[in-house]
Structure formats: structure tokens, C-alpha cells
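What follows is one structure encoded as C-alpha cells, with my remarks underneath.
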Amino acid sequence: AAAADPVIDASFFYLPAVIVATTNTLFFFYCQYKKDNSYIDVLWGITFVLPLAGLLAKRILSEAYQPDLRCWLALTFVTIWALRLSYHIWSRHKGEEDFRYQNFRRDWTAAGGTWGYYWRAFLIIFMMQGAFSLIVNSAALYVMIYSNGEALSWFDLAGAIVWASGFSFEWIADEQLKDHLAKRDREQGKFIKSGLWRYTRHPNYFGESVLWWGVYLLAVPV
């Protein structure tokens, strides 16, 4: 069984955590320099790609445990999702810190001064988001650690279809919302009620949930 394979050592499990923790720590200092913690939202998708890429590189460098096609599929799906989402969030950035992070900054500074703000921001924003990214990314990480030459199955095909459906749903919903906000038409109202938004309150979040079920289906045959 793959889980008992001797080439899978402890580094396969701590490497993703080290990569994410290091990346978010460095980004913490960058955001403090910029005085804008909302840049961490741009990094969100990338923190999924980096640990997968690290594990893939580790396997490529190991002659005894080369990555299989399923590993490449998982990385491809996550990378496409991450790049689109990061660009989407970055393009909405208005040059100042998001009001939610401004509220955190004000409240934490009032509660503990400058250093009280720093440790709260580091743990609650940067480290907690890193932990959440590893949890959400767990199915893809599982594939990257354990998938070992098994032939692709109907689960992989189903996963690809589910992922593509969710990704398309999220992308279309985000574009519809962007167009709605850009029109600034008083008659259309503040909240969008057309397109996919007619059928669900948050179609972009729905699509996000669906695409990760697609990644999970890749992990089922492993």
C-alpha cells in the first residue's frame, strides 16, 4: 500500500507546513511595510500552489518515487484556480487596506499597543490563514504524497468534470458581479439579482465549494 511505502518519510508531511508558514511569515513583514494586511488575500491561492510544487519537486528529485499523472492533474487544477483568484482579488485592490483589516488594526492596537497589534496580526491573520489553506488543500496534498502510478479511473474523470463545473461557475459569477458594480446604475439596485445571482445568494462561493469536491474525487482512488 502507498501509505506503507518506505520512500514516504516524515518530510512529506512537514514540508507543506514549513513552506506555507515561511511564505506567510515573509509576507507578514511585507504587509507591515506596506501597512496593508489585505494583500494576504491576494496570496491566499498561491499558498495552495507552493506546498504542492514543493512536494512535486521532492518527488521529481527522488528517482525511486516519481510523480504520476494524477499528481500533475491535481497541481494543474489548483494552479489554474489560484492564479485566477489571486488576479481577481488583486485587480479589486483599491490601493488602501480593506476596511475589515483596518478595523482589526485599530481594535488590536487599542487593546495591546503596537506590539499587541503585531502578534495578533501575525497569528490571527497570517498563521491562521496558512493553517486554513493546508486544511482546504488536504485532498490535493494527499494526492501529491500518496498517488503512486495508479491508472486514472472514472473518479478522476468525474473529478475533472466537477472541478471544471465549479471553476466555471465561480469565474462567471465573479465576472457578473464585477460588471454589476462597474455599471453604477441606481435602477439596478445595490445587490445583483441577475445571471447566476438570481438562483443563489453567493454563486461564486458555491462554485468554489464545488471545485474542491472535484479535487477530492481525484484523491478517492489513491
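The values are calculated or read from the model by the stated rules, or taken from the named source; none is laboratory data. It should be emphasised that the depicted structure is a prediction, and the values quoted were computed from it without experimental measurement. Every residue, glycine as well, gets a Cβ built from its backbone with ideal geometry; the counts of neighbours run over all protein chains shown. In case anyone asks, the SASA skips ligands and DNA or RNA and just uses the protein heavy atoms, side chains included. Shrake-Rupley method; radii C 1.70, N 1.55, O 1.52, S 1.80 Å.
Every listed requirement among (1) part of a helix (DSSP H, G or I); (2) among the aromatic types (Phe, Trp, Tyr); (3) free of Cβ contacts under 8 Å to residues at least 12 places away in the same chain is met by PHE191 save one, (1).
Tell me, which residue of region 128-151 that is assigned to a loop (DSSP other than H, G, I, E, B) and either at pLDDT below 95 or farther than 15 Å from ALA74 by Cβ (or both) is least open to solvent (accessible area, probe 1.4 Å)?
Out of the qualifying residues, it is SER147.
Would you pick out the residues in region 9-26 that are open to solvent by 20 Å² or more (accessible area, probe 1.4 Å), more than 13 Å from TYR118 (Cα to Cα) and either in contact with a Phe, Trp or Tyr (Cβ under 9 Å, 6 or more places away or on another chain) or of a type in the set (A, V, I, L, M) (or both)? Across region 9-26, the qualifying residues are ALA10, LEU15, ALA17, VAL18, ILE19, ALA21, LEU26. Selection of first residues in region 119-148 that are charged (D, E, K, R) and of second residues that are at pLDDT 95 or above and assigned to a helix (DSSP H, G or I), restricted to Cβ pairs under 7 Å at least 6 apart or on distinct chains, gives the following pairs, ordered by first then second residue: ARG120/TRP108.
Confirm whether TRP72 is farther than 20 Å from PHE28 by Cα, assigned to a helix (DSSP H, G or I), touching a residue at least 60 places away in the same chain (Cβ under 8 Å) and not small (Gly, Ala, Ser). No, not satisfied.
When we screen LYS183, LYS178, LYS190 for residues that are open to solvent by 30 Å² or more (accessible area, probe 1.4 Å) and closer than 24 Å to ALA82 by Cα, the only hit is LYS178.
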